[in-house]
Amino acid sequence: MQEICCLLGHGWDTVACMSPAAVSAEVDVNPGLTCHDYPRAAGDSPNAAYRQAAQELFAEVARECNIPVPSSGKVLAHISTLCKADPKTKLAKSILLSAKTVPLDYTQRDTEEDHAVKLLQRALAAPHPPPVRRSSTKKIHLTAPLIGLVEGLLYGDATVGEALKWGNFGLGTLNGLDGEVVILDGQAYQQGAEGASVLIDPSAQTPFMCTTSFDKQQAISLELPMPLDWSGLQQALQEQFLSANVFYALLVEGMFTEMRARSVRKQATGRPLAAVAREQAVFELEEQEGSLIGFWSPPFMGSAVTVPGFHLHFLSADRQRGGHVLEAKLLRGTAYIQPVYHAETDIPKSLEFLKADLSRDPAADIEQAEK
C-alpha cells in the first residue's frame with residue numbers, strides 16, 4: 001500500500017502516514033506540512049525507524065556541541081534549543097521540517113530508515129563554527145538613547161566607570177563629543193582626532209555608551225583567511241547571523257590595510273551630530289594588526305535608540321591607534337559573533353534631555369554621520 005508519511009510536529013513521535021486524499025485535507029489546514037512518499041506495507045509504522053535514525057543523528061550533534069543527549073521524543077526541539085547556533089542543527093532542522101533547503105538523493109526503494117540516514121549524513125557533512133549558547137544574562141546596555149546625541153545633547157551624567165559595570169566590550173563617546181570611545185577586555189580607550197588611543201579615567205562622563213559582556217568562548221567563530229574589502233567583510237559576518245532580528249556583538253581580530261577612520265573634536269557647545277560630522281577628522285591607518293569592535297543592530301530598532309546595522313571601531317594590537325571605521329580591507333583574521341537577545345537603555349534625568357523635542361526621525365542624520 002502506497003501511503004504518504006508526514007512529520008506533524010517537532011518530535012519523532014508525531015510522524016503519521018495516511019492516504020494521499022487525507023494528506024491533501026491536512027495540507028489545507030497546515031500549509032507547512034512536511035511529507036514524503038514512502039513505500040511500506042499496510043500496518044507498518046515508520047516511527048521506530050525515524051526515532052532510531054533521529055537519535056543517532058542528534059546524539060552525534062550533541063557530542064560535537066558538548067551537550068547531553070536528550071532522552072525524550074522531542075529530540076529535534078531540545079537539541080535546537082541547547083545548540084541553537086550550530087549550523088548542523090539548523091540545517092538538520094530545516095531539512096527535517098521543510099525538506100526544501102537541501103535536495104535529497106533518495107529513491108522510491110529507500111525505506112524510512114534509509115531516508116533518515118541520508119538526512120543524518122547530509123546534516124553532519126556541513127561545515128560549522130563552534131556552537132554558541134544563548135545566555136539570559138548578556139544584554140546590550142545603553143547609557144542613553146542615541147537620539148539625544150543626534151539632536152546635540154552632548155553632555156551626560158553617566159560615567160565610563162558606570163558603563164563598564166554593564167560590560168567589558170563596547171563603544172561610544174565622551175561628553176562634548178570628545179573623540180571616539182572603544183572598550184575591549186574591560187578597558188576603555190579614547191580615540192582622538194588623529195587616531196591616537198589613550199586609556200580613559202573611569203570618572204569621565206559620557207552622553208552615549210553601548211556595552212555588553214563579550215565572551216569569545218561562547219561566540220560563533222569564523223576564520224577569514226582571504227582578503228576581504230569592507231562590503232565583503234560585512235557580508236561574511238551577516239552570513240553567520242542566526243536572524244536579522246537579533247543584536248550581535250562583533251569582534252574581528254586580524255591584519256588590516258587601506259583603513260579609513262574618523263574621530264571628532266570636542267565641541268564647546270551642543271551642536272547636532274550631523275553638523276559635527278561635517279567637520280570630523282578623517283585619517284588613514286597604515287597596514288597593521290588589530291581588532292574591529294562593535295555591534296550590528298536590527299533595522300526594526302530604527303535610529304532613535306542606537307545605530308542600525310553595523311557600527312564598528314578599530315583598536316590596534318598595541319592599543320595605540322584607532323577610530324570609527326568608515327572603510328577597511330581585512331587581509332586575514334578571525335571573527336567572533338555573539339548574538340544578544342536583550343537590550344535596555346537608561347533615560348537621562350537631566351532637565352535638558354527631559355525638555356528636548358526628540359520627536360524627529362534621526363535616520364538621515366545618522367546615515368550622514370556614519371559616512
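The values are calculated or read from the model by the stated rules, or taken from the named source; none is laboratory data. All values reported here derive from a predicted model rather than from experimental measurement. Reconstructed Cβ throughout: ideal geometry from the backbone, glycine too, with neighbour counts over all protein chains shown. For accessibility, only protein heavy atoms count, side chains too; no ligands or nucleic acids. Shrake-Rupley method; radii C 1.70, N 1.55, O 1.52, S 1.80 Å.
Observations
- Test: residue in the stretch 170-183 that is more than 26 Å from P272 (Cβ to Cβ) and open to solvent by 20 Å² or more (accessible area, probe 1.4 Å): no
- Strands (runs of 3 or more DSSP E) completely within the stretch 277-354 that count 2 or more residues being more than 26 Å from the chain's Cα centre (by Cα) and farther than 27 Å from E151 by Cα: 281-285
- Residue within the stretch 304-324 that is open to solvent by 60 Å² or more (accessible area, probe 1.4 Å), over 16 Å from R262 (Cα atoms) and without any contact (Cβ under 8 Å) to a residue 60 or more places away in the chain present: yes
- Count - residues of the stretch 184-195 that are surrounded by 21 or more Cβ atoms within 10 Å (Cβ to Cβ) and not in a strand (DSSP E or B): 1
- Residue satisfying all of: in the stretch 243-274; among the β-branched types (V, I, T) and not in a loop (DSSP other than H, G, I, E, B); surrounded by the most Cβ atoms within 10 Å (Cβ to Cβ) among these: V252
- Restricting the stretch 332-371 to residues that are farther than 18 Å from A249 by Cα and small (G, A, S) leaves a set whose member that is least open to solvent (accessible area, probe 1.4 Å) is A369.
- For the stretch 158-183, the set of residues classified as of a type outside the set (D, E, K, R), out of contact with any Lys or Arg (no Cβ under 9 Å at 6 or more places or on another chain) and not in a helix (DSSP H, G or I) consists of A158, T159, N168, F169, G170, L171, G172, T173, V181, V182, I183, listed by residue number.
- Subset of the stretch 282-293 (residues that are open to solvent by 10 Å² or more (accessible area, probe 1.4 Å) and within 22 Å of I366 (Cβ to Cβ)): V282, F283
For every residue, the table says whether it meets (1) assigned to a loop (DSSP other than H, G, I, E, B); (2) within 20 Å of the chain's Cα centre (by Cα); (3) more than 30 Å from D357 (Cβ to Cβ).
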residue: A144; (1), (2), (3): yes, no, no
residue: G152; (1), (2), (3): yes, no, no
residue: G156; (1), (2), (3): yes, no, no
residue: S197; (1), (2), (3): no, no, yes
residue: D201; (1), (2), (3): yes, no, yes
residue: Q217; (1), (2), (3): no, yes, yes
residue: L222; (1), (2), (3): no, yes, yes
